[in-house]
Amino acid sequence: MVVDDEASVRKVVKKVFTSLALDVDEAEDGLVALGKLEEKTYDLVITDIKMPKMDGMKLLEKIIFDYPYTDVMVMTAYSTDYTYVDVVSGGAMDFIVKPFSTNELKAKIYRIARERKLINELKESNIKLEATYKEILALKDDEELRCRKINYEKELLLEELEKLRSSEK
């Protein structure tokens, strides 16, 4: 989804998404964007910072808190108000300064998609590792029980053997 109070910017970003064969929705401010996020899942939200009703930094904060699987890229024409560090520290995946080239925007979208794919692959690998670890622990517990049983049986046999020896004397 692209969120910007300027229709011309939304149109440019929409063209970039369309050229990448990606679906895109539009919102003219943060409040409209939040309404759309409640209705539909988005992989990426590209939002302007300065907008009426709800600015992009507040929208970023809400998305990070309420929609953790939605990535956010922040764009602004006012690069002196917020820095890359401010935006990324706030949870955004990237920052782009207007005016930007469509190639720059495409490159940033591709990078975010690659990072999301890697994050998902790592999560999947982690889930598999945790399951394997639990299996190993279960085997270890089972082995420990077997060893205890063997030791118990051994102790019983040794006691019986001792009784037999005592009775022979």
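The values are calculated or read from the model by the stated rules, or taken from the named source; none is laboratory data. Quick caveat, the model's predicted, so the values are computed rather than measured. Cβ sites come from the backbone with ideal geometry, for glycine too, and all protein chains shown count toward neighbours.
Given the criterion aliphatic (A, V, I, L, M), closer than 12 Å to MET1 by Cβ and touching a strand residue (DSSP E or B) at 6+ places or on another chain (Cβ under 7 Å), identify the matching residue among ILE63, ILE112.
Working: ILE112 fails: closer than 12 Å to MET1 by Cβ.
From the options ILE63, ILE112, the qualifying one is ILE63.
Does ARG146 qualify as being in a helix (DSSP H, G or I), modelled with pLDDT under 85 and out of contact with any Pro (no Cβ under 6 Å at 6 or more places or on another chain)? I'd like the intermediate steps shown before the answer.
On the way: in a helix (DSSP H, G or I): yes; modelled with pLDDT under 85: yes; out of contact with any Pro (no Cβ under 6 Å at 6 or more places or on another chain): yes.
For ARG146, the condition - in a helix (DSSP H, G or I), modelled with pLDDT under 85 and out of contact with any Pro (no Cβ under 6 Å at 6 or more places or on another chain) - is met.
Taking region 47-66 as the search range and keeping residues that are out of contact with any helix residue (DSSP H, G or I) (no Cβ under 6 Å at 6 or more places or on another chain) and β-branched (Val, Ile, Thr), which one is farthest from GLY90 (Cα to Cα)?
Ranking the candidates gives ILE63 first.
Considering only residues that are β-branched (Val, Ile, Thr) and either assigned to a helix (DSSP H, G or I) or closer than 14 Å to GLU6 by Cβ (or both), which ones fall in region 21-60? Full working, then the answer.
Initially, region 21-60 is screened for residues β-branched (Val, Ile, Thr), giving 24, 32, 41, 45-47, 49.
The answer is VAL32, ILE46, THR47, ILE49.
Within region 94-132, track down each residue that is within 20 Å of the chain's Cα centre (by Cα) and within 17 Å of ASP55 (Cα to Cα).
ASP94, PHE95
Does ILE96 meet the test of being farther than 21 Å from LYS14 by Cα and either part of a helix (DSSP H, G or I) or not basic (Lys, Arg) (or both)? Walk me through how you get there before you give the answer.
Values: farther than 21 Å from LYS14 by Cα: no; either part of a helix (DSSP H, G or I) or not basic (Lys, Arg) (or both): yes.
In short, no.
GLU104 versus (1) surrounded by fewer than 18 Cβ atoms within 10 Å (Cβ to Cβ); (2) touching a residue at least 24 places away in the same chain (Cβ under 8 Å); (3) of a type in the set (D, E, K, R): which is the lone unmet condition?
In the conditions (1) surrounded by fewer than 18 Cβ atoms within 10 Å (Cβ to Cβ); (2) touching a residue at least 24 places away in the same chain (Cβ under 8 Å); (3) of a type in the set (D, E, K, R), GLU104 misses (2) alone.
Pairs only if they're at least six apart or on different chains, beta carbon under 8 angstrom, first in region 115-135 and under 26 Å from ALA92 (Cβ atoms), second of a type in the set (A, V, I, L, M, F, W, C) and modelled with pLDDT of 90 or more; list them, first residue then second.
Close Cβ pairs satisfying both conditions: GLU115/MET93.
If the requirement is being surrounded by fewer than 17 Cβ atoms within 10 Å (Cβ to Cβ) and either among the polar types (S, T, N, Q) or touching a helix residue (DSSP H, G or I) at 6+ places or on another chain (Cβ under 7 Å) (or both), which of these qualifies: GLY35, GLY91?
GLY91
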